[in-house]
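Take a look at the structure below.
The values are calculated or read from the model by the stated rules, or taken from the named source; none is laboratory data. On a predicted model such as this, the values are computed, not experimentally measured, just so you know. No Cβ is skipped: glycine too gets one built from the backbone with ideal geometry, and neighbour counts run over all protein chains shown.
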2 protein chains.
Amino acid sequence: MIKLVLLDVDGTLTDPGRLISTRAVVAIRKAQKDGIIVSLASGNVVPVMYGIKTFVGVKAPVFAENGGAMFQNDEISTFFPMDMPKKLFDRLESEGKLKGILSNRWRLTSMAYVLSGASPEEITAEAHKDGLVTVNSGYSWHLLNKGQDKGFALEKLKEAYSLDYDEILVMGDAYNDAAMFKENVIKVVPSNAEDSLKSMADHILKEKDGNGVAEILKKIRSF
Amino acid sequence: MIKLVLLDVDGTLTDPGRLISTRAVVAIRKAQKDGIIVSLASGNVVPVMYGIKTFVGVKAPVFAENGGAMFQNDEISTFFPMDMPKKLFDRLESEGKLKGILSNRWRLTSMAYVLSGASPEEITAEAHKDGLVTVNSGYSWHLLNKGQDKGFALEKLKEAYSLDYDEILVMGDAYNDAAMFKENVIKVVPSNAEDSLKSMADHILKEKDGNGVAEILKKIRSF
């Protein structure tokens, strides 16, 4: 039985224009009333996730920076350091190879960038030299510590709520969601998901993004 | 004719538990499609307002920190300095008279606090000595520069869109919304508004908070 649902935000709760699905918001509130734990994991920053958690009414901890930081009970927890991502980001930026995005000012454990004068592979190779990794969230690129991904967030939740993998359902649309698509976890994608993620999924939904969230939450509640 | 609607967030778009009204979200999106400009003014911080703007899909600039900062086109503008609010906050905190709240780490032009060991009047008197003001948003107290209020945000919007006061409708529920309840502006309150604000209003809605937003936007669109 599914006890916890871990959702990506951009492209899963939101449409391509980043508008949140009001159907998904209503479905999350209903699912929680039925005792299903709902959590969110995003590449976005803590204050934005704090806002979504508050205004949507998500009760479980939520994860920012691809699992690097968690917000719950008015407290921020960080699980990875900022020093190496920031150091490499600063060097590559000064060399004109990438550009930062606005939300970097609020980041605690990673840096986000768009490409500028270097290929994604070149940046990734530089990251690997420093023991770092890169991931594309569909919205921007992220420079992260090794092990800092949405799979890490999943493990934190599994531990916090003492769950088995098969009691957890994950849903995402983009490559940075692959890390939470673990064996024995129930893996769901909306119809707009990237093909690479679809090929890993247990269920491909009929509906797109937020409507897909409403579709799967309704299905879970009907079991 | 109403061309611009300026809305408070907490208690206006949201219920007392801070859950955003999905009816209000849908109504805002519809109103914008009909050409009505919608903006938000809150005591909350820029990244939270950036999140609401993005996920609700508010197209006009939005205001944080009671008018102290504005977000639009991936850019943050600040209209007031942080030095005096921060200096007084630090002193009063060290004297045990107030406590900061989590979101202070993201503030740029003001500080927010809850009371601790001093009366609201005592803090306000200290603020006045430094040429500062205080306001209660219903959610927390704010230490602000003189002139930093939602009326300032209203003037910025009026100027940016070349509007007359009677083309602007404002809606809020709490005392920190009073500054935008100016003469000739259309002043609306949800049924849950504070009495002091109700007494200033042109229209008291039948519905509460976010349902009130949906009610008034529907009325405007039907003219």
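On the basis of being surrounded by fewer than 17 Cβ atoms within 10 Å (Cβ to Cβ), under 28 Å from A:LEU19 (Cβ atoms), modelled with pLDDT of 95 or more and not polar (S, T, N, Q), does A:ASP177 make the cut?
In short, no.
Can you name every residue in region A:1-23 that is under 10 Å from the mean Cα position of the chain (by Cα), closer than 17 Å to A:LEU169 by Cβ and within 13 Å of chain B (Cβ to nearest Cβ)? So that I can check it myself, show each step before the final result.
Going residue by residue through region A:1-23, those that are under 10 Å from the mean Cα position of the chain (by Cα) are A:6-10, A:12.
If we keep only those that are closer than 17 Å to A:LEU169 by Cβ as well, we get A:6-9, A:12.
If the condition is that a residue be under 10 Å from the mean Cα position of the chain (by Cα), closer than 17 Å to A:LEU169 by Cβ and within 13 Å of chain B (Cβ to nearest Cβ), then A:VAL9, A:THR12 are the ones that fit.
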- All-but-one check, B:ASP74 against (1) touching a residue at least 40 places away in the same chain (Cβ under 8 Å); (2) at the interface with another protein chain (Cβ under 10 Å from one of its Cβ atoms); (3) surrounded by fewer than 24 Cβ atoms within 10 Å (Cβ to Cβ); (4) closer than 22 Å to B:ALA160 by Cβ, failing number (1)
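So which strands (runs of 3 or more DSSP E) stay within region B:93-157 end to end and still have 1 or more residues that are more than 24 Å from B:MET180 (Cα to Cα) and touching a residue at least 24 places away in the same chain (Cβ under 8 Å)? Don't jump to the end; show me each part of the working.
Values: elements: B:98-100, B:111-115, B:132-136, B:141-145.
Correct list: B:98-100, B:111-115.
Conditions tested, residue by residue: (1) surrounded by 18 or more Cβ atoms within 10 Å (Cβ to Cβ); (2) over 19 Å from the mean Cα position of the chain (by Cα); (3) within 14 Å of another protein chain (Cβ to nearest Cβ).
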residue	(1), (2), (3)
A:SER103	yes, no, yes
A:TRP106	yes, no, yes
A:THR109	yes, no, no
A:GLU121	no, yes, no
A:ALA127	yes, yes, no
A:ASP130	no, yes, no
A:VAL133	yes, no, no
A:TYR139	yes, no, yes
- Message: List pairs: first residue in region A:201-213 and under 18 Å from A:ILE36 (Cα atoms) and in the same structural domain as A:ASP10 (by TED's automatic domain parsing), second residue part of a helix (DSSP H, G or I) and acidic (Asp, Glu) anywhere in the structure, Cβ distance under 9 angstrom, at least six positions apart or on different chains.
- Response: none
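Would you pick out the residues in region A:124-158 that are of a type in the set (Ser, Thr, Tyr) and under 25 Å from A:VAL185 (Cβ atoms)?
So the first thing to find is which residues in region A:124-158 are of a type in the set (Ser, Thr, Tyr), and the list is A:124, A:134, A:137, A:139-140.
Those that are of a type in the set (Ser, Thr, Tyr) and under 25 Å from A:VAL185 (Cβ atoms): A:THR134, A:SER137, A:TYR139.
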- Query: Just checking, how many residues over region A:39-68 are surrounded by 24 or more Cβ atoms within 10 Å (Cβ to Cβ) and more than 10 Å from chain B (Cβ to nearest Cβ)?
  - Reply: 12
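Before we move on, is A:LEU19 within 16 Å of B:THR54 (Cα to Cα) and surrounded by fewer than 19 Cβ atoms within 10 Å (Cβ to Cβ)? Walk me through how you get there before you give the answer.
Details: within 16 Å of B:THR54 (Cα to Cα): yes; surrounded by fewer than 19 Cβ atoms within 10 Å (Cβ to Cβ): yes.
Against the criterion (within 16 Å of B:THR54 (Cα to Cα) and surrounded by fewer than 19 Cβ atoms within 10 Å (Cβ to Cβ)), A:LEU19 qualifies.
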- Residue list for region B:8-49, filter: within 21 Å of B:PHE181 (Cα to Cα) and either of a type in the set (S, T, N, Q) or assigned by TED's automatic domain parsing to the domain that holds B:TYR113 (or both): B:THR12, B:THR14, B:SER39, B:SER42, B:ASN44
